[in-house]
Amino acid sequence: MRFGKKWKLAPRFVGPFEILDRVGMLAYRVALKPNVVGLHNIFHVSMLRKYISNPSHVLSLKPLPLSPHMTYEERPDRIMERQERRLRNKTIPMVKVKWLYHSDEEATWEK
């Protein structure tokens, strides 16, 4: 499909677009802009190109105003696993701790 120009002047690649999800082994669903309405939103991986970062694409975030007396305390929720790590001369007992308000993937090993 031509994007506004014909023949040799038509751009080969249009984008960048956000990849929404993986449809099959080699196909991806892409979030298209409104100006390419007539195009199907699922593309084969051979039609996609790697995104090359550009400093102008970075959004600037405004810092949140925080008061100095605000604090946040990490509290353990539960112990998920126990294990002993052996060094040459000693054994260190370790536990895997799930922290409150964090997911299981963010659990850490603590002494």
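I need the full set of residues from the range 1-31 which are among the aliphatic types (A, V, I, L, M) and either modelled with pLDDT of 85 or more or touching a strand residue (DSSP E or B) at 6+ places or on another chain (Cβ under 6 Å) (or both), in order please. Ile19, Leu20, Val23, Met25, Leu26, Ala27, Val30, Ala31, listed by residue number. Restricted to the range 6-104, the set of strands (runs of 3 or more DSSP E) holding at least 1 residues that are free of Cβ contacts under 8 Å to residues at least 40 places away in the same chain and under 24 Å from the mean Cα position of the chain (by Cα) comprises 18-22, 27-31, 42-44, 91-99.
The rows are residues; the columns are (1) surrounded by 11 or more Cβ atoms within 10 Å (Cβ to Cβ); (2) at pLDDT below 90; (3) touching a Leu at 6+ places or on another chain (Cβ under 9 Å); (4) outside the structural domain of Gly15 (by TED's automatic domain parsing).
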| site | (1), (2), (3), (4) |
| --- | --- |
| Gly38 | no, yes, no, no |
| Phe43 | yes, yes, no, no |
| His57 | no, yes, no, yes |
| Leu61 | no, yes, no, yes |
| Pro65 | no, yes, no, yes |
| His69 | no, yes, no, yes |
| Met80 | yes, no, no, yes |
| Pro93 | no, no, no, yes |
| Val97 | yes, no, no, yes |
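The values are calculated or read from the model by the stated rules, or taken from the named source; none is laboratory data. Quantities reported herein were computed from a predicted structural model and do not represent experimental measurements. Glycine also receives a Cβ, built like all others from the backbone with ideal geometry; neighbour counts cover every protein chain displayed.
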